[in-house]
Each structure stands twice: as structure tokens, then as C-alpha cells.
1. If each DSSP helix of 4+ residues adds -39,500 (n - 2.57) and the sum is divided by the residues in the chain, what number results at 222 nm, nearest 500 deg cm²/dmol?
2. Need one number: nm distance between label points at residue 91 and residue 193, each 7 Å from Cα along Cα→Cβ, rounded to one decimal.
3. Could I have the simple spin-label model distance between residue 114 and residue 211, label points 7 Å from Cα toward Cβ, reported in nm to one decimal?
4. With every protein chain kept in place and ligands, DNA and RNA left out, what is the accessible area per residue of the chain? Probe 1.4 Å, answer in Å².
5. Sort 138-146, 30-38 by the packing proxy (mean of other Cβ within 10 Å over each peptide's residues), most packed first.
6. With springs only between Cα atoms under 10 Å, which of 148, 171, 104 fluctuates most in a Gaussian network model of the chain?
7. Label residue 44 and residue 71 with points 7 Å out from Cα along Cα→Cβ: what is the distance between them in nm?
8. Which of the aspartates and glutamates could a cross-linker span from residue 2 if the Cα-Cα distance has to be under 20 Å and same-chain partners fewer than 8 positions apart are dropped?
Amino acid sequence: MKRAVVVFSGGQDSTTCLIQALAQYDEVHCVTFDYGQRHRQEIDVARELAIRLGARAHKVLDVTLLNELAISSLTRDNIPVPQYDANASGLPSTFVPGRNILFLTLASIYAYQVEAEAVITGVCETDFSGYPDCRDEFVKALNHAVELGMARPVRFETPLMWLNKAETWALADYWQQLPLVRQDTLTCYNGIKGDGCGECAACHLRANGLKNYQEDSAAVMHSMQQKTGLR
């Protein structure tokens, strides 16, 4: 039996990964992390979607110690979430240091327990908002370290790594779940489901990708299929 664990936030990217995983694996487990994030409504959204889409199991893990250590606008109410700024440089205040290191490591431990062969995460280097822990180089390095540390093979899969946001919308559409992803996921840093607040960087990236997909869906779908090998 082919099993996978999806790092699942209930947002556009991880939901698209879950939808695909359910089509490609016999059994899919979801892991959601409560790290005291200000947009913690995503935890309830993740619970609802995991049940609705048919995941085998869904765990919510308390990692609120990350909130104590990582200073970010997503973990501190006194640091405002920045609006989208095309000219911004450097690490954004929404970067949570160590988040993906912790998430992927804990998901790998869970994968060990349920004998899953893969840990799936929706990180992306094409539209990665400047986050260093979304890079392909990082994911591969941590994957190698985890395998060494557990003396067991586990494959980190990053289905969105080389897709832009328009192509991620195309992937959801390929699996005939674009309306669900648009209406029922939570990507917004301000905790608003669906199209979100429209002002934060996450909402801008999501809306701009949808607009680009809608303007030339056939070409974007073809590009996505070329990159993913889906037919």
C-alpha cells in the first residue's frame, strides 16, 4: 500500500497537494501545525477540508514553542502584516524562522510511524516570497539529513516547486477542484477564507495567479502539464 503524509495548512498550495496525493496514493495522512499563528483560522479550515476530501487521518500538532522562539508578523500580534509591496527587498516580516525545518522533521517522524513512503509539502521556489526554507536546495538537504537520522528512506515531494501561482491554479483545475480551492481554502495572512483580504502579499500572489490563469487557461494548463508530466 502506498502511503503519504501531507503537511497541510488548509491553504491553496497544501490543499492542491492533498487533492493530488489522494489521487496518487492509497492512503493519505494530513498533519497540521498549531504554532500560535495569528491566522489560526487555518487550523479549522484544514480540519474541515481533510474530512471533506477524504484523508485517512488528520493530526493537529501543538508546536506553540515556535511562537516563543520565532519573531514574525505571523507570530506576534504587535508586528503588523505588511501589505503587498512589489519593491520590497530582503526577508519579509511574515517569514517564520525554522518553520519548515520543524514541520518537515515532525512530519517525517509521523511518516515513520504510519510507514508512509513520502512527505508532501506545498513549498515553491518560483513564487516563494523570499522564504529561504521554500528552496529546492533546502528541501533536498533536509530530506537527506532526515533519512540519515532515522535510518529509513522517506521521500520529500514538492509538487509545486517549479510551478508559478497560475500553474498551481491549473493543477487544481486539472483535478477538477478549482472551485473548492478558491472558495474553501485559507491563504490570507489576515485569516480571511476564500479570496482573502486582498491586501497582504499572500492574497496578492493568489489573486494575480488566478487572473493569469483565467486570461490564458489553455496555455497555462499546457505549461503545468509539461512541468509535472501530467496528461
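1. -14000 deg cm²/dmol
2. Each label point lies 7 Å from its Cα, and together they span 3.3 nm.
3. Label-label distance for residue 114 and residue 211, simple model: 3.8 nm.
4. Values: 10880 Å² over 231 residues.
Per-residue value: 47 Å².
5. Highest to lowest by the protection proxy: 30-38, 138-146.
6. Residue with maximal mean-square fluctuation among 148, 171, 104: 148.
7. 3.2
8. Answer for residue 2, where 20 Å is the Cα cut-off: 26, 27, 115, 117, 147, 157, listed by chain and number.
The values are calculated or read from the model by the stated rules, or taken from the named source; none is laboratory data. This is a predicted model, so every value here is computed, not measured. In this analysis, Cβ positions are derived from the backbone assuming ideal geometry, glycine residues included, and neighbour counts consider all displayed protein chains. Quick note on the areas: whole protein, heavy atoms, side chains included, nothing else; ligands and nucleic acids left out. Shrake-Rupley method; radii C 1.70, N 1.55, O 1.52, S 1.80 Å.
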